[in-house]
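First the structure, in the form of structure tokens, and then the observations on it.
The values are calculated or read from the model by the stated rules, or taken from the named source; none is laboratory data. Not measured: the values here are computed from a predicted model. All Cβ positions, even for glycine, are placed from backbone atoms using ideal geometry, and neighbour counts span all protein chains on display. Quick note on the areas: whole protein, heavy atoms, side chains included, nothing else; ligands and nucleic acids left out. Shrake-Rupley method; radii C 1.70, N 1.55, O 1.52, S 1.80 Å.
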Amino acid sequence: MGYQHAGSGRVAASGLRSGFQLPLAMASEGQTVTVARVRGPQDLRQRMAEMGFVQGAKVKVVSRVNGDVVASVKGATLALNRDMAMRIVTC
């Protein structure tokens, strides 16, 4: 499904530590994760960036139900449906 695990723990060219990545929709309630990338067309990636979902941003999962996520990012609390939460790849 596109999730990766690099056991070496080396730092990727992007500056983020490579390792296990999963969509925001799979993160546990109360967990803080780091945005690795946002998948989708350019206009969607731009809109998500405007909301604070940029590479390296820390995101705290406030709550989740069936993949829908309420998350806190850069001081804002936002609700994302499962489709949007699946597009945000975290590490």
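The table below gives the values:
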{"quantity": "Residue check, Val70 of a type outside the set (D, E, K, R), open to solvent by 10 Å² or more (accessible area, probe 1.4 Å), at pLDDT below 95 and under 16 Å from Gln31 (Cα atoms)", "calculated": "no"}
{"quantity": "Residue selected from segment 21-45 under the condition small (Gly, Ala, Ser) and free of Cβ contacts under 8 Å to residues at least 60 places away in the same chain, by the criterion surrounded by the fewest Cβ atoms within 10 Å (Cβ to Cβ)", "calculated": "Ser28"}
{"quantity": "Lone qualifier among Thr77, Thr34 - being assigned to a strand (DSSP E or B), touching a Gly at 6+ places or on another chain (Cβ under 8 Å) and at pLDDT 95 or above", "calculated": "Thr34"}
{"quantity": "Condition met for Ser18 (loosely packed, with under 12 Cβ neighbours inside 10 Å and either in contact with a strand residue (DSSP E or B) (Cβ under 7 Å, 6 or more places away or on another chain) or modelled with pLDDT under 95 (or both))", "calculated": "no"}
{"quantity": "Any hit, segment 46-67, residues being assigned to a strand (DSSP E or B), surrounded by 13 or more Cβ atoms within 10 Å (Cβ to Cβ) and at pLDDT below 95", "calculated": "yes"}
